Amino acid sequence: MQYDTLTLNCEDTLATVTLNRPQVRNAFNETMIAELTSVFGMLGQCGEIRAIVLAANGVAFCAGADLNWMRKMAGYSSDESRADACTLARMLATIDRCPKPVLARVNGDVYAGGMGLISTADIVVAQEAARFCLSEARLGLIPATIAPYVMRAMGARAARRYFTTAEPFDGATALRLGLVSELVPQVALDETVRRLADALVANGPGAVAESKRLVRDIADRPLTDELIDETVERIARVRASAEGREGVASFLEKRAPGWRI
């Protein structure tokens, strides 16, 4: 498929989706939002793909909203603004709920809506010079649509600060807060992303999808008898699956499992 704001490259079981508006620091517009929603929806259902890298061309990862789009939004009615926000919310939810693990390759600065984008990823690798900012309050706005994902990634206490100060922070702070999984020199960015991608695609694809769903479903829930029973049911179901049986058999027989062949 051809995209106006993205590129898509599929190499064996790994897909790479690259934001491709470097002239505007990969800022969102309606087209990019629609294309991200479409491509992640499609890759999530593609049986051959086991992991997705989300990358960006140019010096920045994502600068948030495109200025021309913002000018257009300034004239929206309340209903039009609500409908527009729904498209962004749908895109974020599509990436977050994608059954394939998503690995963000952060090559440069991440601002505003871009912070929501990386917060939907399962793993975030950033180069050391990248800077991060929840800049909405500077414009008299709030980061409402991205808030559930950002707060889950960095915690409520940090969100209280950075939502309200709109101050930029560096990669070391992003790593400490948990927004970033690994912080590496620019020269090590591709090697680190490749290492993690190789680890993802080497595992049972069904188990990876179930593990991702497990975290989403039980995070922050109280440890009740109901939750314990639910975890028992989940592992029993996976053990009895064809993939689970193959994985255990291959381990005992000291051979590669079928999904690696």
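Please compute the Kirkwood hydrodynamic radius over region 203-260, one decimal place, Å, based on all pairs of different Cα atoms. Numbers along the way, then the final one.
Details: mean 1/r = 0.0793 Å⁻¹.
Over region 203-260, the inverse of the mean reciprocal pair distance is 12.6 Å.
For the chain, the longest principal axis of the C-alpha atoms and the axis of helix 189-202 are separated by about 40°. Along the chain, the exposed loop sites are GluC sites (Glu not before Pro) outside DSSP states H, G, I, E and B with at most 16 other Cβ atoms within 10 Å, and the longest stretch free of them is 129-252. Write down Rg/Rh for region 120-261, rounded to two decimals, with Rg from the C-alpha atoms and Rh from the Kirkwood relation over Cα pairs. Radius of gyration over Kirkwood radius for region 120-261 works out to 1.08.
From the C-alpha gyration tensor of region 80-164, pull out the three semi-axes of the equivalent ellipsoid (sqrt of 5λ each), sorted largest to smallest, in whole Å. Let's see the in-between values first.
Working: eigenvalues 75, 64, 28 Å².
Over the Cα atoms of region 80-164, the ellipsoid semi-axes are 19, 18, 12 Å.
Rounded to the nearest 10 degrees, the angle from helix 242-252 to the longest Cα principal axis of the chain is 60 degrees. Simple rule: put +1 on each Lys or Arg Cβ and -1 on each Asp or Glu Cβ in region 6-200, find the dipole, and look at 165, 20, 110; the Cα lying farthest toward the positive end is 165. Dipole magnitude for the chain: about 280 debye, using +1 per Lys or Arg Cβ and -1 per Asp or Glu Cβ, origin at the Cα centre. Between 0 and 90 degrees, rounded to the nearest ten: what's the tilt of helix 78-96 against the longest Cα principal axis of the chain? Value to nearest ten degrees: 30. Pick from 122, 79, 170: which is most flexible by mean-square fluctuation in a GNM of the chain where alpha carbon atoms under 10 Å apart are linked? Checking each option, the largest mean-square fluctuation is seen for 79. The spacing between region 23-79 and region 164-188, judged by their C-alpha centroids, is 21 Å.
Dipole orientation for region 1-101: of the candidates 81, 10, 43, 81 has the Cα lying most toward the positive pole (charges on Cβ; Lys, Arg +1; Asp, Glu -1). Here the Karplus curve 6.51 cos²θ - 1.76 cosθ + 1.60, taken at θ = phi - 60°, turns the phi angles of region 19-25 into couplings of 5, 10, 10, x, 5, 10, 6 Hz, with x standing for Gly and Pro.
For region 175-181, putting each phi into the Karplus relation 6.51 cos²θ - 1.76 cosθ + 1.60 with θ = phi - 60° gives couplings of 5, 4, 6, x, 5, 10, 8 Hz, in residue order, rounded to whole numbers and with x for Gly and Pro. For the pair residue 235 and residue 38 in one chain, pulling the backbone fully straight at 0.36 nm per residue adds 67.7 nm over the alpha carbon distance.
Just so you know, all these numbers are worked out from the coordinates, no wet-lab data involved. Fair warning: this is a prediction, and the values are worked out from it, not measured in the lab. Counting neighbours? That spans all protein chains shown, and the Cβs are built from the backbone with ideal geometry, glycine included.
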